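Quick notes on the structure that follows.
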Amino acid sequence: MAGIYLHIPFCKQACHYCDFHFSTSLKYKDELLQGLIKEIQLQKNYLDGETIETIYFGGGTPSLLEADEINLLIDKITEIHAVSANAEITIEANPDDLNKAKLQSYLQTGVNRFSIGIQSFFDDDLEWMNRVHRGSEAEASVKRTQDTGFENITVDLIYGYPLLSMQKWKYNLDKVFELGVPHVSSYSMTVEPKTALASFINKKKQAAMDDQQSAEQFILLMDVMQLQGFEHYEISNFCKPGYYSRHNSNYWRGIKYMGIGPSAHSYNGETRQWNVANNAKYIQALLSGQVPAETEVLTESNRLNEYIMTSLRTMWGLNLDKLNSIAAGSPAQLLKAAQSFFDSGWIHKNDDTIYLTPTGKLYADNIASGLFF
């Protein structure tokens, strides 16, 4: 089992908080697509013949692609790899791209899951983020996607920014429940270096994010999701039973994946590699038959820490037997380091697995780093 991620590095405009690799110019889209095709070919042995269970179009804004462009990429993958008959094929989409004609055309592709970047249903919040769409468009895009026949839908929501009162946050969540969306990915606003948001804060044009506000809104998120029958299966992800993101779950469970496209990352259990985050350099390298990637061989400590970080974030927890399979004797050392977190009520142990408590989920990164080898 393995997954393939395709990075589509184009956006209509730059969100103020975003630090992903993208370009607002579509000038070289055709050349980029040919580069992706070439990389799929050159990387054919990376996953060592594993069956492909998930394909994920991320970005950027993959919904800028037309149906025939998506089919071109999927066809190349199926030409080279064995792809499961029930593979999950996800495309990230902006609400403003999901008009009726685009959605109808997507019925002719293998796409069977939509990740819609709503972020908020409030126009002033969306303007503050520098999003292209507006609140009414966000709601309409979900309904159009459902009406076209796509049921496996997830939406993104952001919390923990100055404009978002608790009342507005509750409204956003209630709107998602009203729409009957079976999966929600929700993230606290993070100020990344070199983003417009970071610049605004540094220049005192914008207030800094409030950690207390973020914590309170995360707690509300967990509470209402539970009341609505959603499973909190990863720190930022909630779903109705059976609607897990298979692709992202595989990241957290250490399954192999291959990243195609500029800035895309790959992982095969022993090494990690990442492509150059530059469209022109990416295209140029592929034209000369080279994959423009750097590779890191993972040490035993790397693999232990990777497993700690990813597993603790999930409802499946950190299994001590799995930890021991990476490095014999490591569970004893980890349990010693974990004692203060047990005492604080941030983690608990059931049989041979360690889980975050609801309070511990507020401190997930700190806990993980405190357990690193």
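The values are calculated or read from the model by the stated rules, or taken from the named source; none is laboratory data. This structure is a prediction, so every number in the text was calculated from the model and none was measured. Note that we place each Cβ from the backbone using ideal geometry, even for glycine, and neighbour counts take in every protein chain shown. For the accessible areas, the whole protein counts, side chains as well, though only heavy atoms, and no ligand, DNA or RNA atoms are used. Shrake-Rupley method; radii C 1.70, N 1.55, O 1.52, S 1.80 Å.
Of note:
- Hydrodynamic radius by Kirkwood, which averages 1/r over all alpha carbon pairs of the range 81-135, in angstrom: 13.0
- The alpha carbons of the range 308-362 occupy a box of 30, 21, 19 Å along the principal axes, longest dimension given first.
- Order by protection proxy (mean Cβ within 10 Å, highest first), peptides 346-356, 296-306: 346-356, 296-306
- Interchain or long-range residues, amide H under 5 Å from PHE10's placed H: SER23, THR61
- The orientation-averaged projected area of the convex hull spanned by the Cα atoms of the range 101-237 comes to 9.2 nm².
- Convex hull volume of the range 334-373 per residue (C-alpha atoms, cubic angstrom): 62
- Rounded to the nearest whole angstrom, the semi-axes of the ellipsoid equivalent to the range 167-294, taken from the Cα gyration tensor as √(5λ), stand at 34, 24, 13, largest first.
- Potential lengthening between ASP147 and GLN108 on full extension [0.36 nm per residue; Cα-Cα distance subtracted]: 12.5 nm
- Dipole magnitude of the range 1-48 about its Cα centre (Cβ charges: Lys, Arg +1; Asp, Glu -1), debye to nearest 20: 160
- In the range 82-232, taking the dipole from charged Cβ atoms about the Cα centre, the farthest positive-side position among PRO193, THR154, GLN167 is held by PRO193.
- Apolar share of the accessible surface for the range 73-124: 45 percent from carbon plus sulfur atoms, 1.4 Å probe.
- A quarter of the convex hull surface defined by the alpha-carbon atoms of the range 18-62 gives 4.2 nm² as the mean projection.
- With the simple spin-label model, which puts each label point 7 Å out from Cα in the Cβ direction, the SER369 to ASP156 separation comes to 2.4 nm.
- When peptides 95-106, 324-335, 243-254, 204-215 are ranked by their average number of other Cβ atoms within 10 Å per residue, the highest-first order is 243-254, 95-106, 324-335, 204-215.
- Projected-area average for the chain over all orientations - Cα convex hull basis, square nanometres: 18.7
- Each stretch of four or more DSSP H residues adds -39500 (n - 2.57); spread over every residue of the chain, this sum gives -12500 deg cm²/dmol at 222 nm.
- Size-normalised alpha-carbon gyration radius of the range 27-136, reference 2.2 N^0.38 Å: 1.21
- Calculated on alpha-carbon atoms, Rg and Dmax of the range 145-224 in Å: 15.1, 47
- Considering every alpha-carbon pair of the range 259-352, the percent of pairs per 5 Å bin, from zero through the bin containing the longest distance, is 3, 11, 18, 17, 12, 9, 9, 8, 6, 4, 2, 0.
- Under-5 Å amide H pairs with ILE89, H placed in peptide plane, nonlocal only: ILE55, ASN112, ARG113
- Expressed as a whole percent, the accessible surface of the range 300-373 that belongs to carbon and sulfur atoms is 47, based on a 1.4 Å probe.
- Between the range 150-214 and the range 259-325, the Cα center-to-center distance that results, in Å: 27
- Taking the empirical scaling 2.2 N^0.38 Å for compact globular proteins as reference, the range 36-81 has a Cα radius of gyration ratio of 1.19.
- Two-decimal log10 I(q)/I(0) for the range 248-303, as the Debye equation yields it once each C-alpha is a single scatterer, q = 0.24 Å⁻¹: -0.92
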